[in-house]
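Heads up: the structure comes next, in structure tokens.
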């Protein structure tokens, strides 16, 4: 007989304890009113995580409701474990992006690893086999003493988990900025595919149906992780290391295979992973969505520690666990599958008609409270907010003293942390397992992964330019969505939908709340104009340390579809003599540009505005050209502007460019980050055709030069050799990571 | 050619191997579960990449003692061809089918990249379709690919034509920059003495069609089909 715990040993519940658990005084009073009595210690723990920012979205919900979430392609929008979108032929793509910021700062390897594990479960719990992982990472200044350690740990954690489960990690983005010194961002995205008639949801049904626990055993790790993720960091946050979970990717691999095998049978009524707030959120959400009660008897639950209390079990965030409602009498079928994969399987309760969450253990009842009133009473705040003051576009005086050669400037830009090659990172990820990877991001504007066993492919991108969002949250939010849409179009994919991962500071500050509100407005506007709805998402607030907030970072994960993976176009120049064209017009907008920050040392001005109608027109045009087979290489104009875009295409292909359009051009033309533009390389024989088509479509297209040689050159001779650019570009990150502190 | 692929719970490149074998032979390979004790009658056994039982201990150390590996060893002794890729190379080496050991990569990091290799010996069904000294590109994706054996054994492997592939730099020369994991003598793959067993870290099965960006791995599977049909 294992050791037992008793209710009598638990701490007395008081307003004090409620505060310790993260509840405000009003929230605690609300709990007393709903129950009509003082909650038990276990009940208070459950209520506090259910009402935490992380689980209840109490500050963000009122604004998230304004986002467009529907469209003919959408099968399931936000509210389930992940979004589901129709990709034709009876197939669906299921995806979501989620943050694991707080734990990754405290324990980078395990924080990042379990972030990957959690998002994988959100996707396969709906019946999808994961086919690709992506990640969006933001670190502090390279000069900050913790940055090297965090980069190293996060990357190893993502690789350590993703490589083992056998899902290719096909790209993402990595930025550095001092605003993330105390709060890094680790946003992980998983994309899976399923049959549209085999999608699994989380709403419980059928009074008396068995509630089954599968996966890893429960330990004392991660207790109150959701509460930690709902507070600012202070000096002593490192002491929170015990609240970070530990991942086991091998068990996750077994869980994926076992769950997908069980999904081939008809045994499942509903299924959900145990993510944030573990068994609490899964049991409460499943029963709540079905309008039912649930009774759990935890004595049979697989535990890896002695004398665990129901409070610890309900709040544990031990990884690699799922909760399943089975049809009656199917326990043996299910158990046989989990036995085959050597995973724990336990019937831990059943559905009831009481509407209550009842928890029994060691012969006592530890919790008996109504689910609906507690769920429905989860606080929802319309927090006060201030709009971010508008900034003017920078004037020409900013580059009055600028006299550096173009070659030197380009070399500097290519070695700056945001533009430097991230090979050191992505070589640690298995990007090829499965044999369906056409492009990883970096080779093309979006990663392109073939749907297993088919010709068609899914294109995936993650985008956000936080410096734009800080300067103007509305335009920044628009830009993040527009760039995702553009990156999908640039490979030839039809953009379908997005997942949004909203990373912000403390929403109780009106200035920060204003950033959030602005970004949501911008995202919503762009999603509507581009028919690019939000189907899933995640909000991470309180990314502040000692009162210093991160840059507002609404990371957008975009997914598109193309009928044939082999028609996808990458960024690399492919041979000499191709004509280089720019699609779209630039007005030389330098505000918030990388040139301004890295070369002139100024972070100022308004970010480039996004004209959504132009965006759509230009993107549809480029996608059309790619479908007609007229495009050899394609790259959107983003960080660094036009000349950087061309140089990236040249570096990727090892083929230079002879440029005729930039004689005496101002920095505005070369480095302006005006939106809605693409650089294309086309065979010289079709350049005239492309220009005629552009004219007919009313799309501005201009010739910039042609692919030639092993340098960027112009009428005045070589601007810079590719070798010099490559050395600068490839050298920075490995050099930084290997340097001693 | 009939082939069987051994599947451990943590195998993750068995689907890639299935696709490559099916494309080359026109026949679906058998998938044999790690707890099985018998193999069907086949001409080729593939031990694929992945993380066998999690590989939290030394990679492949536990898998080498699984029930199915006893059967694989027995068949190998009878001359049935065995191909171990990546984790499969680690497992068959741990099982004693090949000499040496695979250690943590020299840089202590997982490495995934397209790797240039030199074909060192074409006198085997695995490499018959290549030219001796030919430079091919296969992807690598591993954390424990640092092949080690003592100098004497390296000499013997070379002398008896047991080195199948060596890592080379992009310019085809032997160079530490071209070695992704620090393996001794740049060894990427080796045969047993009879050249009926091949173990290698790189993934020929992920370089067999246009989508992969190159098809340098295809001749290995075509060669096996030709020799074993």
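Consider region A:629-643 and keep the residues that are within 23 Å of the chain's Cα centre (by Cα) and in a strand (DSSP E or B). The one that is surrounded by the fewest Cβ atoms within 10 Å (Cβ to Cβ) is A:635. Could you tell me whether residue A:142 is in contact (Cβ under 8 Å) with a residue 60 or more places away in the chain and within 12 Å of chain B (Cβ to nearest Cβ)? So residue A:142 fails the test. Please verify whether residue A:692 is touching a residue at least 40 places away in the same chain (Cβ under 8 Å) and either farther than 24 Å from residue A:411 by Cα or surrounded by 14 or more Cβ atoms within 10 Å (Cβ to Cβ) (or both), treating the condition exactly as stated. No, not satisfied.
Being closer than 18 Å to residue B:49 by Cα, in contact with a helix residue (DSSP H, G or I) (Cβ under 9 Å, 6 or more places away or on another chain) and surrounded by 24 or more Cβ atoms within 10 Å (Cβ to Cβ) is a description that applies to residue B:102.
The residues listed here are A:529, A:480, A:484, A:519; of these, the one that is away from chain B (no Cβ under 14 Å), over 20 Å from residue A:185 (Cβ atoms) and assigned to a helix (DSSP H, G or I) is A:529. Elements of the type helices (runs of 4 or more DSSP H) sitting completely within region A:284-396 and holding at least 2 residues that are over 33 Å from the mean Cα position of the chain (by Cα): these cover A:331-340. Any residue at all in region A:706-727 that is surrounded by 23 or more Cβ atoms within 10 Å (Cβ to Cβ) and in a helix (DSSP H, G or I)? Among the residues of region A:706-727, at least one is surrounded by 23 or more Cβ atoms within 10 Å (Cβ to Cβ) and in a helix (DSSP H, G or I), which makes the answer yes. The set of residues from region B:25-34 being within 17 Å of residue B:82 (Cβ to Cβ) and away from chain A (no Cβ under 12 Å) comprises B:25, B:29, B:30, B:31, B:32.
Residues checked against (1) out of contact with any strand residue (DSSP E or B) (no Cβ under 7 Å at 6 or more places or on another chain); (2) surrounded by fewer than 24 Cβ atoms within 10 Å (Cβ to Cβ):
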residue: A:468; (1), (2): yes, no
residue: A:480; (1), (2): no, no
residue: A:489; (1), (2): no, no
residue: A:494; (1), (2): no, yes
residue: A:498; (1), (2): no, no
residue: A:510; (1), (2): yes, yes
residue: A:519; (1), (2): no, no
residue: A:528; (1), (2): yes, yes
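Residue count for region A:409-448 under the criterion of being out of contact with any strand residue (DSSP E or B) (no Cβ under 8 Å at 6 or more places or on another chain), in a helix (DSSP H, G or I) and more than 14 Å from every other protein chain (Cβ to nearest Cβ): the result is 5.
Output the qualifying pairs, or none if there are none: Cβ atoms under 6 angstrom, residues six or more apart or on different chains, first residue in region B:11-23 and facing another protein chain (nearest Cβ under 7 Å), second residue surrounded by 24 or more Cβ atoms within 10 Å (Cβ to Cβ) and part of a helix (DSSP H, G or I). Here the result reads B:16/B:205; B:16/B:206, each pair linking region B:11-23 to a residue that is surrounded by 24 or more Cβ atoms within 10 Å (Cβ to Cβ) and part of a helix (DSSP H, G or I).
Scanning region A:576-589 turns up no residue that is under 28 Å from the mean Cα position of the chain (by Cα) and touching a residue at least 60 places away in the same chain (Cβ under 8 Å).
Considering A:170, A:154, A:165, the condition of being out of contact with any helix residue (DSSP H, G or I) (no Cβ under 8 Å at 6 or more places or on another chain) and within 14 Å of another protein chain (Cβ to nearest Cβ) is satisfied by A:170 alone. Among the residues in region A:494-511, are any under 20 Å from the mean Cα position of the chain (by Cα), in a strand (DSSP E or B), within 15 Å of residue A:607 (Cβ to Cβ) and more than 14 Å from chain B (Cβ to nearest Cβ)? No; the residues of region A:494-511 include none that is under 20 Å from the mean Cα position of the chain (by Cα), in a strand (DSSP E or B), within 15 Å of residue A:607 (Cβ to Cβ) and more than 14 Å from chain B (Cβ to nearest Cβ).
Put simply, of A:39, A:103 the only residue that is at pLDDT 95 or above, farther than 28 Å from residue A:495 by Cβ and touching a strand residue (DSSP E or B) at 6+ places or on another chain (Cβ under 9 Å) is A:39. For residue A:454, the test of being in contact (Cβ under 8 Å) with a residue 24 or more places away in the chain, within 13 Å of chain B (Cβ to nearest Cβ) and buried (at least 20 other Cβ atoms within 10 Å of the Cβ) is failed.
Yes/no per residue for (1) within 20 Å of residue A:426 (Cβ to Cβ); (2) within 14 Å of chain A (Cβ to nearest Cβ); (3) touching a strand residue (DSSP E or B) at 6+ places or on another chain (Cβ under 9 Å); (4) at pLDDT below 95:
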| site | (1), (2), (3), (4) |
| --- | --- |
| B:137 | yes, yes, yes, no |
| B:142 | yes, yes, yes, no |
| B:157 | no, no, yes, no |
| B:163 | no, no, yes, no |
| B:168 | no, no, yes, no |
| B:171 | no, yes, yes, yes |
| B:176 | no, no, no, yes |
| B:181 | yes, yes, yes, no |
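The values are calculated or read from the model by the stated rules, or taken from the named source; none is laboratory data. Predicted model, so just to flag it, every value in this text is computed and none were measured. Glycine gets a Cβ as well: all are built from the backbone with ideal geometry, and neighbour counts include every protein chain shown.
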